[in-house]
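To start, the structure itself, in structure tokens.
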Amino acid sequence: MEHKKQDLIIYGIILGFTIALYANTLTHDYALDDAIVITQNTFTKKGFSGIKEILTSESFTGFFGVKKNLVAGGRYRPLSVVTYAIEIQFFGMKPFISHLVNLLLYALTGMIIYRILNLLLRQKKDEPWYSAIPFITALLFIAHPLHTEVIANIKGRDEILAMLGALFSLYFTILWSDTKNQMNLIYSAICFFIGMMSKENAVTFLAVIPISLYYFKNGSVRTITTATIPPFIAFLLFMVIRRAVLGDTGSNMPDELMNNPFLYASEGEKYATIFYTLGVYIKLLFLPTNLTFDYYPYHIPIIGWMDLRAIVPLTLYIAIGYLALSGFKKKTVLSFSVIYYLATLSIVSNLFFPIGAFMNERFAYMPSLGWCLAIAYLAVKTIPSLMQSNPLKQYFTTGFTLVILIAFSIRTIARNPVWKNDFTLFTNDVKISHNSAKSNCSAGGKLLEEAQVTTDSTLRKQYIEQSKKYLLKSIRIHPTYRDALLLAGNLYYDTRQYDSTMYYYKYILRLSPQYDLVYSNTERIFNTIPDVQFKLNELLEISKINPNRYEVNYMLGNLYGKYMNNIPAAISYLERAVAINPRDPKGLKDLGVAYGISGRFADALAQFEKALQLAPEDVDLNANIGITYQRTGDMAKSSFYLQKAQELKAKEQAAMNK
């Protein structure tokens, strides 16, 4: 009973500590990849009715509308997205609820870490709980600033749930080892499956679980094998489901730098850079400064093996690898901590397969537990034992722990406000990731958005200039970056520099002739530009790049017919447009008008009838049909369609007056 009361006190402290650190995230908006999984995900926004689609689709499908293999192997991580759909069903788009759920799940993670370590390390009876390894490890984990991305960004829930599922699987395995109650193995499998459905890195616990039993439970080969079978079955079940949903995703790497950061690197440079990033992870564990959401090219530079930034981390990892192996037989806590860290980091290291990014702070979320355990062990056991009779020995553990916790807490609380929304995040982190094409593009795009909505002319000018600076820098870093090129074109349109707008749009089309946004943007902005000759010249150039695009042929036909009275040219382009897309009533209608003007009334009516099947309530279309029948002398049909046009117009007017 005394132990239960003590555990409740500890759980309360962990919960209170988590709230103290992350309460300032509860008023945050959605940010970063929340658009992909929540705010612009058509499946998530359906609530309960979207869950089936979430479970049966690639993770990006609800955002893009189609399956896109943006990274090698595809992505299938439905569980966290299902939780967002449930929240929307009950509460609507309320980021407060989602941030609160993240906070509570994070606190639960700290509690299960304490509980697992308490079972594995078997605290001495005379050892105060507040200076014991399990409690200190849990607090260090909760306080670590490297976790702010996972907790403060709602999308980070996939990391939280994956680790929770894996930890609970380990917890029930330990209970089975202690009690031999077979139900615990079933619970272990269920929890592991939950972790896998959240994110694939839970698979690393297929190594962590048996290693934990070996180090702390003196498990025999038979015991360890038996304990590993249930989570392995859960893993196989997940893989079967994943394959059924994603199909054969292939292993070809994307040819876009933002999804393949080693695209232009040699093999030697690739692995030198990988070890540089592995060194950055260790640096951030000890010194979590200059945190950023963006480690894309080239915030992380491509380096070679003659660079100390590759040699030093390689040497360091060899050293800690030796530490792990040297303590393997003795089953030391430090050896276990290193093996746990290396095992859970392996899947996101780029050493064994590409992950589509150099690194990310959220990738260190699960591995960081190994660091926290090692620091707690050093604080509680190793360093005090070296102090021998030093009078400060009895105060060292508490003082050392408090210094780290206070420093980490201050850093965490200070970092959280940056995740308030996209504007605060992008404009802050671009100062850190100043050599990243993505960060400069993101900051430039968001500043342009703000410039377009502000009513303060001075502020608008300031935003435009900053946006231009960041977007052009993004293009200098990555000259074929379509997102940055498109935003640069949009910015120049916003400042009425139309030549520059079309320069960037045509640049994109030379890289990607079917880039849809260029065509939709061109059509939209040409509706606001009065200069007919300018539009004609630009469209003719685009037509040379891609002569088989519907929008280009339609706009050329419209220009020649409506503004230049060149009916033969209008008919030529409109015929080509209709051949490319016979399902757009707009093209059919304009081609019919052009035929009518040239006296080809039968051809005009044929096009109008096709358009009428697609848009039966189009007022102008019905009027055009009526006029055309009038010119052919069929007054009965003419009267019918003209009357229908009047009725439809009256109906539209009545609807507008409501």
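For the reader, a short list of remarks on this structure follows.
- Every pair of residues 6+ apart whose Cβ atoms lie under 6 Å, when the first sits in segment 629-643 and is in contact (Cβ under 8 Å) with a residue 12 or more places away in the chain while the second is among the aliphatic types (A, V, I, L, M): Tyr641/Ile625
- Here Tyr595 fulfils each of the conditions (1) closer than 30 Å to Tyr503 by Cβ; (2) surrounded by 14 or more Cβ atoms within 10 Å (Cβ to Cβ); (3) of a type outside the set (A, V, I, L, M, F, W, C) apart from (1).
- Matching residues, segment 81-121, being within 27 Å of Trp176 (Cα to Cα) and of a type in the set (Phe, Trp, Tyr): Tyr106, Tyr114
- Selection status of Tyr276, in contact with a Lys or Arg (Cβ under 6 Å, 6 or more places away or on another chain) and modelled with pLDDT of 95 or more: yes
- For segment 231-250, the criterion of being in contact (Cβ under 8 Å) with a residue 60 or more places away in the chain, closer than 26 Å to Ser57 by Cβ and in a loop (DSSP other than H, G, I, E, B) is satisfied by at least one residue.
- Verdict on Leu185 being among the aliphatic types (A, V, I, L, M), in contact with a Ser or Thr (Cβ under 7 Å, 6 or more places away or on another chain) and assigned to a helix (DSSP H, G or I): no
- Every pair of residues 6+ apart whose Cβ atoms lie under 7 Å, when the first sits in segment 592-604 and is of a type outside the set (S, T, N, Q) while the second is surrounded by fewer than 19 Cβ atoms within 10 Å (Cβ to Cβ) and not in a helix (DSSP H, G or I): none
- A Cβ distance below 7 Å, combined with a sequence gap of six or more or placement on separate chains, defines the contacts here; from segment 565-579, residues that are assigned to a loop (DSSP other than H, G, I, E, B) reach residues that are among the aromatic types (Phe, Trp, Tyr) and surrounded by 16 or more Cβ atoms within 10 Å (Cβ to Cβ) in the pairs Asn566/Tyr560.
- Annotation: Ala265 fulfils all but one of (1) among the hydrophobic types (A, V, I, L, M, F, W, C); (2) free of Cβ contacts under 8 Å to residues at least 40 places away in the same chain; (3) farther than 30 Å from Ile320 by Cα; (4) not in a helix (DSSP H, G or I); the unmet one is (3).
- Residues of segment 115-160 classified as more than 15 Å from Arg415 (Cα to Cα) and either more than 16 Å from the chain's Cα centre (by Cα) or not in a helix (DSSP H, G or I) (or both), total: 27
- Only one of Leu26, Leu100 that is surrounded by fewer than 18 Cβ atoms within 10 Å (Cβ to Cβ), under 29 Å from Asp429 (Cβ atoms) and in contact with a His (Cβ under 8 Å, 6 or more places away or on another chain): Leu26
Residue-wise test of (1) of a type outside the set (A, V, I, L, M); (2) on the phi > 0 side of the Ramachandran plot; (3) without any contact (Cβ under 8 Å) to a residue 40 or more places away in the chain.
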{"residue": "Arg309", "(1), (2), (3)": "yes, no, yes"}
{"residue": "Val312", "(1), (2), (3)": "no, no, yes"}
{"residue": "Ile320", "(1), (2), (3)": "no, no, yes"}
{"residue": "Leu323", "(1), (2), (3)": "no, no, yes"}
{"residue": "Ser326", "(1), (2), (3)": "yes, no, yes"}
{"residue": "Tyr340", "(1), (2), (3)": "yes, no, no"}
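- Lone unmet requirement of (1) surrounded by fewer than 21 Cβ atoms within 10 Å (Cβ to Cβ); (2) under 24 Å from Ile475 (Cβ atoms) for Met502: (1)
- Here Asn218 clears all of (1) within 22 Å of Ala107 (Cα to Cα); (2) of a type outside the set (Gly, Ala, Ser); (3) not in a helix (DSSP H, G or I) except the condition numbered (1).
Conditions tested, residue by residue: (1) in contact with an Asp or Glu (Cβ under 7 Å, 6 or more places away or on another chain); (2) surrounded by 23 or more Cβ atoms within 10 Å (Cβ to Cβ); (3) among the acidic types (Asp, Glu); (4) not in a loop (DSSP other than H, G, I, E, B).
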position	(1), (2), (3), (4)
His434	no, no, no, no
Ala443	no, yes, no, yes
Glu449	no, no, yes, yes
Leu459	no, no, no, yes
Gln462	no, no, no, yes
Lys469	no, no, no, yes
Lys473	no, no, no, yes
Gly489	no, yes, no, yes
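- If the condition is being surrounded by fewer than 17 Cβ atoms within 10 Å (Cβ to Cβ), closer than 17 Å to Leu291 by Cβ and either within 26 Å of the chain's Cα centre (by Cα) or among the hydroxyl-bearing types (Ser, Thr, Tyr) (or both), then segment 394-415 contributes only Ala414.
The values are calculated or read from the model by the stated rules, or taken from the named source; none is laboratory data. The shown structure was predicted, so the numbers you read here are calculated from the model rather than taken from an experiment. Neighbour counts run over all protein chains shown; Cβ positions are idealised from the backbone, glycine included.
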